[in-house]
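Student: Supplied in structure tokens, the structure appears directly below.
The values are calculated or read from the model by the stated rules, or taken from the named source; none is laboratory data. Here the structure is a predicted model, which means the values were calculated and not measured. No Cβ is skipped: glycine too gets one built from the backbone with ideal geometry, and neighbour counts run over all protein chains shown.
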Amino acid sequence: MNLLELKEVSKIYGTLKALNNIDLSVPKGEWLAIMGPSGSGKTTMMNIVGCMDKPSNGSVILDGVDISKENPRSLTAIRRDKIGLIFQQFHLINYLTALENVMVAQYYHSLPDEKEAMQALERVGLAGRAKHLPSQLSGGEQQRVCIARALINYPMLILADEPTGNLDEANENIVLDIFRQLHREGSTIVVVTHDPEVAEEAERIVVLEHGKIARIEDNHRGEQEEG
Amino acid sequence: MFFRMMNGALLRQKGKMLMIAFTIALGASLATAMLNVMLDVGDKINQELKTYGANINVVPKEASLLDDLYGVDERSGVSNKYLQESELGRIKTIFWAFNIVDFAPFLDTKVTLNGAVENVELAGTWFSHHLDLPTGESLDTGMINMKNWWDVSGDWITDAEEDSAMVGSLLAGRHQIAPGDVISVAGKNGQKTLTVKGVFNTGSDEDELIYVPLKVAQDLADRAGLVSRVEVSALTTPDNELSRRAAQNPKSLSIKEWETWYCTAYVSAISYQIQEVITDSVAKPIRQVAESEGAILEKTQLLMVLITILSLIGAALGISNLVTASVMERSREIGLLKAVGANDFPISMLVLTEILLMGLLGGVIGYFAGLGFAQIIGHSVFGSAIDIKPMVIPLVAVLVFLVTLAGSIPSIRFLLSLRPAEVLHGR
Ligand SMILES: Nc1ncnc2c1ncn2[C@@H]1O[C@H](COP(=O)(O)OP(=O)(O)O)[C@@H](O)[C@H]1O
Ligand SMILES: [Mg+2]
């Protein structure tokens with residue numbers, strides 16, 4: 001069953017077609033990577049799937065709901081209930097501690113639950129830094145707080161736009177480990193990346209060029225690991 | 001969580017937030033000062049205008065008739081009807097007794113001065129007369145209060161100084177009389193030697209008069225216990241259509257209108273009430289003064305309303321700039337909150353609560369500063385303290401609330417239009 005389906009999706013800015021007739025299906029539990037040169041429409045696509053933008057044409061079915069037809073209020077609700085967003089920049093609220101930053105997402109979702117937030121931080125290996133302010137954390141640690149925040153409401157779809165773009169190798173590996181773990185647990189993950197090593201981890205790679213899908217590569221990772 | 005976030009935002013943008021509070025404080029202080037002065041200014045201006053003299057003249061009915069029919073000045077000695085001195089205390093017992101600021105009786109008579117042939121006018125009056133009222137209260141009233149703008153060389157006299165007199169400057173000039181001189185006056189009922197304690201200059205025809213204590217004039221004219229007229233200075237409400245109709249003919253009013261009129265401090269209503277308590281009297285408003293009082297009062301209040309409105313608009317504009325800047329500075333944070341699923345309403349509430357908190361802080365500071373301003377205005381403009389009216393507190397609170405809300409509108413609009421996709425991907 002497909003969790004996400006894009007049908008003839010276009011996004012037009014003036015004369016520029018940032019997305020041009022995209023058709024794409026993402027089955028539940030898949031780990032998908034999106035690659036492509038800068039300006040090829042990767043972020044535009046993530047914004048549309050992430051309910052932060054609407055396509056000019058076409059429909060986007062997420063969990064059986066056509067989100068291209070929803071009003072901003074229900075888009076906010078869908079984003080809150082079904083999607084976990086991770087950005088290239090770390091976007092933490094800098095006067096709140098790591099723990100509180102995670103709890104903000106709980107606050108707008110349901111109720112802040114300190115224990116649960118703490119468990120989320122444990123999952124990304126930051127239990128010991130819960131009381132630190134973002135300025136007291138390294139870049140990798142900040143991104144892990146962002147991941148903990150994205151995971152706190154058990155989203156069915158995780159959208160990450162260049163999550164490792166600002167990280168060094170060591171931190172990149174930590175983040176990838178978290179993704180692997182999430183994938184094993186059955187989460188659906190869409191990762192935009194420039195980095196072939198990151199893309200390699202995914203089951204499928206969609207390559208965008210000029211707003212169109214240039215090709216889709218299947219990664220038979222299981223076979224490669226065996227070989 | 002809400003408070004934790006608000007706290008954080010307030011602390012981080014301390015400078016901006018304090019500027020917002022300061023701007024609100026400025027507006028609130030002006031509004032407080034103006035409202036307090038405005039609510040108090042009716043009394044203040046009336047008291048100020050009172051110095052220009054009495055606004056009600058009480059004369060005997062017959063004198064009034066003669067005056068109306070033949071245009072005869074009752075001071076000329078033609079009229080021989082009088083009011084009873086013993087009834088004067090009743091003026092302070094009428095419905096609007098509290099509005100009667102001062103009054104003084106006069107007994108006008110003609111005397112010869114220092115044996116000269118021509119007659120001069122002499123008036124007996126109260127200078128500062130102590131009255132015990134039937135109500136048990138007491139008051140001191142008379143010329144010294146009512147004519148406090150007089151330019152007196154020498155001294156005012158007191159009612160007890162029955163061998164003393166005050167002489168108008170024109171008369172004194174013609175007869176070369178200076179303070180300290182002794183004059184002799186002769187009336188119908190004998191002759192008296194008086195020491196001139198003061199020479200006064202009023203710029204009016206009173207400068208031709210000799211003023212003595214009432215008792216002295218009554219003896220000279222053989223009119224014991226009588227007075228020929230009373231001047232009353234009363235605080236009045238500006239005239240309107242109702243009071244003008246009543247002044248023409250009180251009987252033309254319906255019972256309800258009549259009650260409204262009677263229970264309002266119109267100069268005509270106060271005059272009417274004086275007539276009710278003084279036997280055979282006619283009380284007439286000295287009209288021009290009474291009307292200009294109302295007009296000046298209304299204009300001054302209008303001016304203050306305008307200043308208040310302008311200062312509040314200024315404050316609203318000021319905070320709208322500051323708040324918008326503060327929200328723009330936080331657009332990334334607000335975009336993030338939207339991205340993690342916050343609706344417009346809770347985010348707006350967060351920002352509004354912050355600003356209203358600053359409004360509260362600024363409003364309280366501004367209120368107390370405004371009380372100070374009001375006193376400065378009171379002392380520099382009216383030469384007296386301004387009464388603090390408690391009703392200004394809710395008024396200022398509502399105004400600050402509205403101004404703060406109005407000032408937040410542009411920032412809330414910005415906040416609502418902010419799209420997380422645009423602020424979260426560093427383009
Ligand atoms: N809000 C916008 N207005 C106009 N053009 C835009 C806007 N957002 C993106 N674009 C354009 O759309 C194209 C795709 O952008 P984007 O999706 O950010 O690319 P990528 O993330 O692959 O680098 C670019 O040419 C970009 O300039
Ligand atoms: Mg991008």
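Student: Taking the options B:Glu329, B:Glu276, name whichever one is more than 29 Å from B:Ala28 (Cβ to Cβ) and acidic (Asp, Glu).
Tutor: Going through B:Glu329, B:Glu276 in turn, just one is more than 29 Å from B:Ala28 (Cβ to Cβ) and acidic (Asp, Glu): B:Glu276.
Student: Within segment A:168-201, count every residue that is under 26 Å from A:Cys51 (Cα atoms) and either within 16 Å of ligand 2 (Cβ to nearest atom) or not small (Gly, Ala, Ser) (or both).
Tutor: 21
Student: Search segment A:45-67 for residues being within 11 Å of chain B (Cβ to nearest Cβ) and crowded, with 23+ Cβ neighbours inside 10 Å, and hand back the single one that is nearest to A:Glu8 (Cα to Cα).
Tutor: A:Ile48
Student: If the requirement is being closer than 25 Å to A:Cys51 by Cβ and surrounded by fewer than 20 Cβ atoms within 10 Å (Cβ to Cβ), which of these qualifies: A:Ile147, A:Ile152, A:Ile216?
Tutor: That would be A:Ile216, the only listed residue that is closer than 25 Å to A:Cys51 by Cβ and surrounded by fewer than 20 Cβ atoms within 10 Å (Cβ to Cβ).
Student: Under 8 Å by Cβ, and 6 or more places apart or on different chains, what pairs join a residue from segment B:1-17 that is closer than 14 Å to B:Ile355 by Cβ and at the interface with another protein chain (Cβ under 8 Å from one of its Cβ atoms) with one that is of a type outside the set (Asp, Glu) and part of a helix (DSSP H, G or I)?
Tutor: Final answer for the pair search is B:Ala9/B:Leu350.
Student: For A:Ala127, work out the one condition from (1) free of Cβ contacts under 8 Å to residues at least 40 places away in the same chain; (2) surrounded by 19 or more Cβ atoms within 10 Å (Cβ to Cβ) it doesn't fulfil.
Tutor: (2)
Student: Only residues in segment B:155-180 that are without any contact (Cβ under 8 Å) to a residue 24 or more places away in the chain count as the first member; pair them with residues that are outside any loop (DSSP other than H, G, I, E, B), Cβ under 6 angstrom, at least 6 apart or cross-chain, and list the lot.
Tutor: B:Ile177/B:Val167; B:Ile177/B:Val196
Student: Report yes if some residue within segment B:368-379 is within 14 Å of chain A (Cβ to nearest Cβ) and either surrounded by fewer than 17 Cβ atoms within 10 Å (Cβ to Cβ) or free of Cβ contacts under 8 Å to residues at least 24 places away in the same chain (or both); otherwise report no.
Tutor: Within segment B:368-379 (the criterion being within 14 Å of chain A (Cβ to nearest Cβ) and either surrounded by fewer than 17 Cβ atoms within 10 Å (Cβ to Cβ) or free of Cβ contacts under 8 Å to residues at least 24 places away in the same chain (or both)), the answer is no, since none of the residues qualifies.
Student: Please indicate, with yes or no, whether at least one residue in segment B:77-90 is surrounded by fewer than 18 Cβ atoms within 10 Å (Cβ to Cβ), out of contact with any strand residue (DSSP E or B) (no Cβ under 8 Å at 6 or more places or on another chain), modelled with pLDDT under 85 and away from chain A (no Cβ under 14 Å).
Tutor: Yes, because at least one residue in segment B:77-90 is surrounded by fewer than 18 Cβ atoms within 10 Å (Cβ to Cβ), out of contact with any strand residue (DSSP E or B) (no Cβ under 8 Å at 6 or more places or on another chain), modelled with pLDDT under 85 and away from chain A (no Cβ under 14 Å).
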